[in-house]
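Below is one structure, written out as structure tokens, with a few remarks after it.
The values are calculated or read from the model by the stated rules, or taken from the named source; none is laboratory data. Note that the coordinates shown come from a computational prediction; the quantities given were computed from them, not determined experimentally. Every residue, glycine among them, receives a Cβ derived from its backbone with ideal geometry; neighbour counts consider all protein chains shown.
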Amino acid sequence: MAATPPLTRIEISKEYLHFNSGHFTIFSDTDREDLHGHTFYVKALIDSPVDVTGLAFDYNLVKQRLKTLCERIDEKILLPERSPFLSLAEEDGYLVATFADEKLPFLPRDVITLPVANITVEELAPWFLSALLDDPAICGLRLPRVEVSVSSGPGQWASAVQTNN
């Protein structure tokens, strides 16, 4: 029986893989944080076989896709589209977020809505992972394991993992 070739783990953690965004965490139907911001950092750990040339895959594909995603949400207010406690509507040229008895109007140019339940690192990590793996060039690599992590500050990371057998 032939041995399965070993995998190598590639870590992609660049200084430029970050974004500055405003948000508030929603805790319940009546409790939320005040609007505030973070510098969020993003990194990826990817398991891959090494081919006969001594290479795993073209890291530039992953670096560029993550950089593009960071740039898309940089300097924006992030709002969740799937929160059971927050509703979003357009009113008089504003995107209005309604939470409990509060109406929070935002200029649409300042906001990005994401298909998540809350703007937390535990929701942002799977969003980044899904968006990364939706890229046809990356999906075509057939990587056995991809992990994307998001940090909202030193020592506070959440990760999402996709494994393919």
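Data table
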quantity	calculated
Residue among Leu133, Leu86, Leu95, Leu79 that is closer than 21 Å to Ala160 by Cα and buried (at least 19 other Cβ atoms within 10 Å of the Cβ)	Leu79
Residue among Ala56, Ala125, Ala117, Ala97 that alone is under 17 Å from Gly22 (Cα atoms) and either among the β-branched types (Val, Ile, Thr) or assigned to a loop (DSSP other than H, G, I, E, B) (or both)	Ala117
Selection count, segment 98-137, where residues are in contact with a Ser or Thr (Cβ under 6 Å, 6 or more places away or on another chain), over 26 Å from Ala44 (Cβ atoms) and free of Cβ contacts under 8 Å to residues at least 60 places away in the same chain	1
Residue check, Leu107 among the aliphatic types (A, V, I, L, M) and surrounded by fewer than 12 Cβ atoms within 10 Å (Cβ to Cβ)	yes
Scan of segment 128-159 for residues that are under 9 Å from the mean Cα position of the chain (by Cα), part of a strand (DSSP E or B) and of a type in the set (Gly, Ala, Ser), ordered by number	Ser149
Evaluation of Ala3 against (1) of a type outside the set (Val, Ile, Thr); (2) under 20 Å from Asp135 (Cβ atoms); (3) at pLDDT below 95; (4) not in a strand (DSSP E or B) (one fails), failing number	(2)
Residue within segment 70-88 that is more than 15 Å from the chain's Cα centre (by Cα), polar (S, T, N, Q) and farther than 20 Å from Leu132 by Cβ present	yes
Residue match in segment 39-52 (condition: more than 26 Å from Thr163 (Cβ to Cβ), more than 16 Å from the chain's Cα centre (by Cα) and not in a loop (DSSP other than H, G, I, E, B))	no
Residue that is surrounded by 14 or more Cβ atoms within 10 Å (Cβ to Cβ) and over 21 Å from Arg145 (Cβ atoms), where the choices are Asp74, Asp47	Asp74
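Residues checked against (1) farther than 29 Å from Leu141 by Cα; (2) aromatic (Phe, Trp, Tyr):
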| site | (1), (2) |
| --- | --- |
| Lys14 | no, no |
| Leu17 | no, no |
| Asp29 | yes, no |
| Gly37 | yes, no |
| Tyr41 | no, yes |
| Ile46 | no, no |
| Leu55 | no, no |
| Leu61 | no, no |
| Lys67 | no, no |
